[in-house]
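A.B. asks: For reference, the structure I am asking about is given below.
The values are calculated or read from the model by the stated rules, or taken from the named source; none is laboratory data. Computed from a prediction, not measured in an experiment: that's the story for all the values here. Positions of Cβ are generated from backbone atoms using ideal geometry, with glycine treated the same way; all protein chains shown enter the neighbour counts. Note: areas computed on protein heavy atoms with side chains; ligands, DNA, RNA excluded. Shrake-Rupley method; radii C 1.70, N 1.55, O 1.52, S 1.80 Å.
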Amino acid sequence: MSIAFISDIHLSAQRPATTQLFEEFLAENERLLERLYILGDLFDYWVGDDSVGLLGHDAVEAALRNTVTAGTQVFFMHGNRDFLVGEEFARRTGCQLLSDPAVVSYEHRNLLLTHGDALCTDDIEHQNSRRQMLSAKWKTAFLQQPLAERIHTAAAMRAQSKAAKRTKSRSVMDVNPHAVENLMRQHGVDTMIHGHTHQPAVHAFEIAQKPAWRYVLGDWPKRRNALYLQQGELVLKNLAGAGD
Ligand code: MN
């Protein structure tokens, strides 16, 4: 048995090929995986658990439910796109919500999991909006709006973030090495796994003269991969198939 980590699937009704690849991935892996960790941005956007039908994700929820029923524990960590996924989604799919960051243990290894955007400390604008949107006050006010209004607001926010990205350098939007090291030291781990940056890689470095590793998961529309932990070894595998 093994466990796997994926991130940034960015599912939306506008990406049928990626949705199909994700459903195939679940079907192929459900009997092989003891646990599957989804580290955020499974959905390109999510405006409340009551939006699933309107956003066209009923089949995805059913596929997740099948995977859980087949015996794979599925853990869901929020990303900055789907931070409004809630308890109703968890109840319907059987996924277990995981806080960010989280440390998980498997085969004597402790792994620090995070979506990754909290580590992008050089992107002040993102950190400010993140702080605002993760507040209970903002979430409650947003979820009280009618569904159509929420979808409209989310579209405006995505357009705004896309425009802002064009003015930001790649390094500003990447994780800050000090933030990475601080979080790893705080949790006493030598291995971190995250997504968000869409820059898949394995980074080997040192913390207090000891080897440390940071595994970055890719985004599914463009650079699909999955990280497997099997017999104590972490292996980052590129996945076949073209997304959209
Ligand atoms: Mn993200």
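A.B. asks: Please state the relative contact order of the range 184-244 as a whole percent: Cα pairs under 8 Å, 6+ residues apart?
C.D. replies: 26
A.B. asks: Would you pull out the residues with amide H under 5 Å of PHE75's amide H, same chain only if 5 or more places away, H placed 1.01 Å from N?
C.D. replies: Here LEU36, TYR37, ILE38, GLN96 satisfy the definition.
A.B. asks: Further question on the same structure: Once phi is turned into ³J(HN,Hα) by the Karplus curve 6.51 cos²θ - 1.76 cosθ + 1.60 with θ = phi - 60°, what whole-Hz value does each residue of the range 208-214 show in order, with x for glycine and proline?
C.D. replies: Each residue's phi maps through the Karplus curve to give 6, 6, 10, x, 9, 9, 10 Hz.
A.B. asks: Could you run the Karplus curve 6.51 cos²θ - 1.76 cosθ + 1.60 with θ = phi - 60° over the range 128-144 and give me ³J(HN,Hα) per residue in whole Hz, x for Gly and Pro?
C.D. replies: Coupling constants for the range 128-144: 5, 6, 4, 4, 5, 6, 7, 6, 4, 5, 5, 4, 4, 4, 5, 5, 7 Hz.
A.B. asks: How would you rank 189-196, 89-96, highest first, on the average number of other Cβ atoms within 10 Å across their residues?
C.D. replies: Listed from highest to lowest mean packing, they are 189-196, 89-96.
A.B. asks: First select every other residue whose beta carbon is under 13 angstrom from the beta carbon of THR197; then total the charges, Lys and Arg +1, Asp and Glu -1.
C.D. replies: So the surrounding residues net to -1.
A.B. asks: Work out the count of Lys pairs in the range 2-238 where the Cα-Cα distance is under 27 Å, with the pair 8 or more places apart or on different chains.
C.D. replies: 10
A.B. asks: Next up: Tell me which residues come under 5 Å, amide H to amide H, from ASN225 once H is placed; ignore anything under 5 positions away on its chain.
C.D. replies: Amide H to amide H, under 5 Å and 5 or more residues apart or across chains, ASN225 pairs with GLY218, LEU239.
A.B. asks: ASN128 to GLU149: extension gain in nm, 0.36 nm per residue of separation minus the Cα-Cα distance?
C.D. replies: 5.3 nm
A.B. asks: Further question: Under 8 Å for C-alpha pairs, at least 6 residues apart: give me the relative contact order for the chain, rounded to a whole percent.
C.D. replies: 24
A.B. asks: Another question, if that's okay. Once you list every other residue whose beta carbon is under 12 Å from the beta carbon of ALA13, what net charge do they have if Lys and Arg are +1 and Asp and Glu are -1?
C.D. replies: It works out to a net charge of -2.
A.B. asks: Turning to a different aspect of this structure: I'd like to check one number: the per residue accessible area of the range 2-238, probe 1.4 Å, reported in Å² as a whole number.
C.D. replies: 48
A.B. asks: Any chance you could run the full-extension gain for ARG31 through LEU239? It's 0.36 nm times the residue separation minus the Cα-Cα distance, nm to one decimal.
C.D. replies: Gain in length upon complete extension: 73.1 nm.
A.B. asks: Probe radius 1.4 Å, ligands and nucleic acids ignored: give me the carbon and sulfur share of the accessible area of the chain as a rounded percent.
C.D. replies: Exposed carbon and sulfur together represent 51 percent of the surface.
A.B. asks: Using DSSP, restrict attention to beta bridges with both residues in the range 2-238 and report what percent are antiparallel, rounded to the nearest 5.
C.D. replies: 50
A.B. asks: Right, another one. Applying 1/(1 + (r/R0)^6) with R0 = 30 Å to the Cβ-Cβ distance of GLN73 and ALA208, what FRET efficiency is obtained, to the nearest 0.05?
C.D. replies: 0.35
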